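**Q** Can you read through this structure? Questions will come right after.
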């Protein structure tokens, strides 16, 4: 059994050792990958097209959407406090 992590904001009071910051990073990475891949799928548009058909603007859109998702998910996940047990 692990000891409680602490009482300051950003720590898990359940004693699991996972901080809110770690959860925020996992959520942010997942959201960024999902946004990036969704933008690429939209840019590809068809089954017979390859990555050569994606323009620089479409690549930029995919990267920007991933960065926005990364920042948004990290901030929102870290902002919401852990549920007390």
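The values are calculated or read from the model by the stated rules, or taken from the named source; none is laboratory data. None of these values were measured; they are calculated from a predicted model. Virtual Cβ from ideal backbone geometry, glycine too; neighbours counted across all protein chains shown.
**Q** Quick check on segment 39-54: of everything there that is surrounded by 10 or more Cβ atoms within 10 Å (Cβ to Cβ) and in a loop (DSSP other than H, G, I, E, B), which residue is modelled with the highest pLDDT?
**A** The extreme case among them is 54.
**Q** Kindly establish whether residue 29 is in a helix (DSSP H, G or I), out of contact with any helix residue (DSSP H, G or I) (no Cβ under 6 Å at 6 or more places or on another chain), touching a residue at least 40 places away in the same chain (Cβ under 8 Å) and surrounded by 13 or more Cβ atoms within 10 Å (Cβ to Cβ). Spell out how you get there, then give the answer.
**A** Values: in a helix (DSSP H, G or I): yes; out of contact with any helix residue (DSSP H, G or I) (no Cβ under 6 Å at 6 or more places or on another chain): yes; touching a residue at least 40 places away in the same chain (Cβ under 8 Å): yes; surrounded by 13 or more Cβ atoms within 10 Å (Cβ to Cβ): yes.
When the stated conditions are applied, residue 29 passes them.
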